[in-house]
Amino acid sequence: MDRDVFEGKWKQIKGEAKAWWGRLTDNDLDQADGKFDVLTGLLQEKYGYTRQRAIEEIDQRITEYEAGRMAKPGPAPSGDWRNSILPSLLRKEHDVKKYTRVSVQTIHSQRRSS
């Protein structure tokens, strides 16, 4: 990961970093303050990682964080919320009714044949 990008996103990921690396205290995270090299050193110190392992750990966590952020649906586009949510709810209800109808028909046909 580009270290400038890391530093720019530090405020967003600081809370996650506390969960990722529970051995790091609030003071440690304040000390890191988005500085990649400082966080790398703290991971080496607290977890016994090699420098390379610490860099890989940070890269992996940030990549997963970014992928998770991209996968989360954002707010509905402008307009009435029903225009975006209601059709999907209706589709789900339709699918449930369709499945139920097919299941009931299958049960009735099995009863007739026995």
Flag for Trp10 being in contact with a helix residue (DSSP H, G or I) (Cβ under 7 Å, 6 or more places away or on another chain) and among the aromatic types (Phe, Trp, Tyr): no
Of residues in the stretch 13-59 being within 21 Å of the chain's Cα centre (by Cα) and among the acidic types (Asp, Glu), the one farthest from Arg3 (Cα to Cα): Glu16
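Let's see how each residue does on (1) in contact (Cβ under 8 Å) with a residue 12 or more places away in the chain; (2) surrounded by 12 or more Cβ atoms within 10 Å (Cβ to Cβ); (3) at positive phi:
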| position | (1), (2), (3) |
| --- | --- |
| Gly8 | yes, no, no |
| Glu16 | yes, yes, no |
| Trp21 | yes, yes, no |
| Asp26 | no, no, no |
| Gln31 | no, yes, no |
| Lys35 | yes, yes, no |
| Thr40 | yes, yes, no |
| Tyr47 | yes, yes, no |
| Arg51 | no, yes, no |
The stretch 1-50, residues that are aromatic (Phe, Trp, Tyr) and part of a helix (DSSP H, G or I): Phe6, Trp10, Trp20, Phe36, Tyr47
Residue check, Arg61 at pLDDT 90 or above, not acidic (Asp, Glu) and not in a helix (DSSP H, G or I): no
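The values are calculated or read from the model by the stated rules, or taken from the named source; none is laboratory data. Because the structure is predicted, anything quoted here is derived from the model rather than measured. Here the Cβ is made from the backbone with ideal geometry for all residues, glycine too, and neighbour counts use every protein chain on show.
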